[in-house]
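The values are calculated or read from the model by the stated rules, or taken from the named source; none is laboratory data. Computed from a prediction, not measured in an experiment: that's the story for all the values here. We place every Cβ from the backbone using ideal geometry, glycine too, and count neighbours over all the protein chains shown. Ligands, DNA and RNA are stripped out before the accessible areas are found, and what is left, the full protein with its side chains, is counted by its heavy atoms. Shrake-Rupley method; radii C 1.70, N 1.55, O 1.52, S 1.80 Å.
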Amino acid sequence: MCNCMQDTLAYVTEHMKGNPPENAIAESFDTEIMHYYFRMDGSSNAVPAMIVSGSHKVKKVNGEEAKNRKKIEMPIFGRFCPFCAEAYTTPAEEQKLWAVEIHGPGSLVAASSRAEADFRAAEINQLHKDHIESTPEDKRQHLPNVEAVVVEWESSREEHAIQALNNDWSDCF
Ligand SMILES: [Zn+2]
């Protein structure tokens, strides 16, 4: 899997800092890539997606048509990186099991796919960063140093399946 998304973000951010808008404080740029989606069905794929957006009518319990239409949204995904055209995952990689290792609390959490592991690790690291930034500077030294990294699951497939089913990611932080 390539690293184009993060590399591109870093490149663009550096470019912004080098050519800042008037009065901008160059060191203060905070950027992220938005509008990309992760599949949670086991197929790893985090390339940008398009959203199929639509609506349909709904029948009420009494058989009449409801006045308001119900909105539907479903993301659809490409299979290749839009920057370098590398296939996002190979079939061999799809067979592997993934987890997120959280240094600090020292926990290992099974993820349902590589994409989910990438997503959750990034989310945990971002939450930690936000937590540090919202803590007064003189108290930051007491915060645990949390870092989430994506690792291959080394124990059995059965243990992975049980753990991945029972995970509550909101407990991870
Ligand atoms: Zn790429």
Task: Criterion violated by A117 - all others in (1) farther than 16 Å from Q163 by Cα; (2) in a helix (DSSP H, G or I) satisfied - done: (1)
Open item on the list: Looking at E65 and the list (1) at pLDDT 90 or above; (2) under 30 Å from E133 (Cβ atoms); (3) more than 16 Å from the ligand (Cβ to nearest atom), which single condition is not satisfied?
Closed with: (2)
Task: Hits in the stretch 1-36 (condition: within 16 Å of the ligand (Cβ to nearest atom) and of a type in the set (G, A, S)) - done: A10
- [ ] Count, please, the residues in the stretch 20-34 that happen to be open to solvent by 100 Å² or more (accessible area, probe 1.4 Å) and more than 16 Å from Q126 (Cβ to Cβ).
- [x] 4
Open item on the list: For the condition under 12 Å from the mean Cα position of the chain (by Cα) and hydroxyl-bearing (S, T, Y), what is the one hit in S134, S113?
Closed with: S113
